């Protein structure tokens, strides 16, 4: 499945995934579960901390604690309010970079099916 996604979004081969990408040399995501069916990551962003340019395969996200994030991708740069308890599903992200521009720590789960 990831191979087919990479054919549609060739940037995926050139960029790290969310677990490998960090911020200023520090990890921001940790794998908290992995088995043959899925991988679950917990990503934590204190104020001023982000996630360097990276790519995502298909995934589901859930906000454990919300806040204000600045997102830069091929559509430009925008600020979004991430509400605690909100969720989303994505067919994949060719690339993006985010930074917490708010005053609270943002933390979310990413569930990647294999």
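What follows is calculated from the coordinates using simple rules that are stated; it is not laboratory data. Since this is a predicted model, take the numbers as computed values, not measurements. Methodologically, a virtual Cβ is constructed for each residue, glycine included, from the backbone with ideal geometry; neighbour enumeration extends over all protein chains shown.
The helix-based estimate of mean residue ellipticity at 222 nm for the chain, built from -39,500 (n - 2.57) per DSSP H run of four or more residues and divided by its residue count, is -1500 deg cm²/dmol to the nearest 500. Among (1) 1.01; (2) 1.71; (3) 1.10, find the value of Cα Rg over 2.2 N^0.38 Å that was calculated from the structure presented, and write down its label. Given (1) 1.01; (2) 1.71; (3) 1.10, the structure-derived one carries the label (1). With both labels modelled 7 Å from their Cα along Cα-to-Cβ, the residue 111 to residue 73 distance reads 2.0 nm. Placing a label point 7 Å from the Cα of residue 89 along the Cα-to-Cβ direction, the residues of region 33-70 whose backbone N falls under 14 Å of that point are 58-62.
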